[in-house]
Amino acid sequence: MPDSAPPIFKRGPSLIIRLVFFTILSLVLLVADARFRYLEDIRSGVSVVLFPMQEAAAVPAAVLERAGEFFVTQAALYRENEQLKRERLLNVSEVQRIKALEADNEQLRRLVNAPPIPTRERTVAEIIYESRDPFTRKVVIDRGTMHGIKTGQAVVDHLGVIGQVTRAFPFVSEVSLVTDKSQSVPVQSVRSGVRSITFGLGHDGAVELRFMPVNADVQNGDLFVTSGIDGVFPAGLPVAVVTNIERNAQSFARITCAPAAAVSSYTRVAVLADPPPMPANPLTAPAPPKPVPPEPQQ
Amino acid sequence: MMRSTLGDNIHGDEELLPVRGGYIIITLVLALLLNLVPLPGWLSSATPDFVALLIVYWSVFQAHRVGLWPAWVLGLFMDVADASLFGQHAMAYCVAAYAGIFVHRRIQMFPMSYQIAHVLAILLGQQALQLLIRLVANAEPPDMLYFVSSLTGAALWPALVGILMLPLRQRTGPEEV
């Protein structure tokens, strides 16, 4: 075989030179990506090439799921249908109540000259896969810039906030979950109104409220919802429930929460469009994009 | 399996068909596809990195044809697919390919258990390099399950060698030629 024979003539630069060349090239890419984020265009080019392969690779899982759905018993379907009907009845009354409240609220806001709360367009997307990267908590969804997704948009499921779009490619987008180490969400306690920011811890099932004073009015089981002051997440979406508080830390309390959304078990999510540009608020300066320092309530 | 003299391949004295470039490319693309298959979290840390495995395979058995650049390009693809840092997999795969080419003469002489040990070392090494890159970039260190994929990858090595050699077997016996 000609391949296994050692080369008589040297071809090209030696192996170690080539290794050094590629290593330096990779290092340049790493620094450009990690420090300066210069390479988003190249990334999205690669992602377009990769997209058909991702779709193809997702076929077996989809087929399995279909097959699983096919063998659901009639009794199970019937039970689910009944439950959904009951939930729908409950929801209908709830929706009517909310509509009345909304109208009421709008009228009150007009009375005090407050700007109306903007409504957001939603794009429903499906999660293609969880990123294999063990260092980050990210999922990839099947909607991209071609469908109007932009970097920075909020992503929610039926239970609460999932995360934020951190990279939008033409056909897919990366969503950083609230549990990702670099992801933070400004929140507010439903019970006491205390403002804080959740920070991901880098592993599943936990986020942390940082820089909370030891005597902060927080209890186990408190629900924290988005405060809306960041301009990214609309106010009032559930984010996390407090599970553990340690007040004996030196200067800050250690408050650990469980994410409210089903962060690792959903398949469909909704991406909230950017809010319409808000009119200048005469009372406070326009809120800077996150991270937002907790501001005192007026 | 019988081992033969230096310079021969590990498959005894069976003559294999020459490997075509297209075959290498197809297997690498298939490996990339396998890596993209969505899996639940607990399973995805245990599944081997097929691309790394295939890169080691071809750099061992076709050292003079598969250089470092296919490893680098595939690494970039994995970086985008995994949402990791751009260049992380690329660098690790290049080092893996280099290590594979570096040991390719000796590894073909070894019995399977030694081969597995070499492959395990290469796979662990490239994972450790990725870990190092991420730690420098200020990421949270993962749990020890992180390295399980190298173990399963190395365990798959004998099967991989068997499967990838199948299409290269000669269909007709030598006496018919």
*Out of all the residues in the range A:163-182, which are in contact with a Leu (Cβ under 8 Å, 6 or more places away or on another chain) and either at pLDDT 90 or above or on the phi > 0 side of the Ramachandran plot (or both)?*
A:Gly163
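Would you call A:Val59 of a type outside the set (Phe, Trp, Tyr), surrounded by 12 or more Cβ atoms within 10 Å (Cβ to Cβ), within 14 Å of another protein chain (Cβ to nearest Cβ) and within 23 Å of A:Pro170 (Cβ to Cβ)? So that I can check it myself, show each step before the final result.
On the way: of a type outside the set (Phe, Trp, Tyr): yes; surrounded by 12 or more Cβ atoms within 10 Å (Cβ to Cβ): no; within 14 Å of another protein chain (Cβ to nearest Cβ): yes; within 23 Å of A:Pro170 (Cβ to Cβ): yes.
Criteria not met by A:Val59.
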*What number of residues within the range A:80-137 satisfy the criterion of being free of Cβ contacts under 8 Å to residues at least 40 places away in the same chain, within 30 Å of B:Ser84 (Cα to Cα) and out of contact with any Pro (no Cβ under 8 Å at 6 or more places or on another chain)?*
2
*From the list B:Trp42, B:Trp72, B:Trp58, pick out the single residue that is free of Cβ contacts under 8 Å to residues at least 24 places away in the same chain, buried (at least 18 other Cβ atoms within 10 Å of the Cβ) and within 13 Å of chain A (Cβ to nearest Cβ).*
B:Trp72
*Determine which member of the set A:Pro294, A:Pro282, A:Pro277 is closer than 30 Å to A:Gly144 by Cβ, more than 17 Å from the chain's Cα centre (by Cα) and at pLDDT below 85.*
A:Pro277
*Looking only at the range A:94-131, which residues are within 16 Å of A:Ala270 (Cβ to Cβ) and among the basic types (Lys, Arg)?*
A:Arg120, A:Arg122
*Could you count how many residues in the range B:124-141 are within 10 Å of another protein chain (Cβ to nearest Cβ), surrounded by fewer than 17 Cβ atoms within 10 Å (Cβ to Cβ) and closer than 18 Å to B:Asp49 by Cβ?*
0
*Scan (1) at pLDDT 90 or above; (2) exposed (fewer than 15 other Cβ atoms within 10 Å of the Cβ); (3) at the interface with chain A (Cβ under 9 Å from one of its Cβ atoms) for the single condition B:Arg105 breaks and write down its number.*
(1)
*If B:Phe77 passes every condition in (1) more than 10 Å from every other protein chain (Cβ to nearest Cβ); (2) in a helix (DSSP H, G or I); (3) not acidic (Asp, Glu) but one, which one does it miss?*
(1)
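The values are calculated or read from the model by the stated rules, or taken from the named source; none is laboratory data. Because the structure is predicted, anything quoted here is derived from the model rather than measured. Cβ sites come from the backbone with ideal geometry, for glycine too, and all protein chains shown count toward neighbours.
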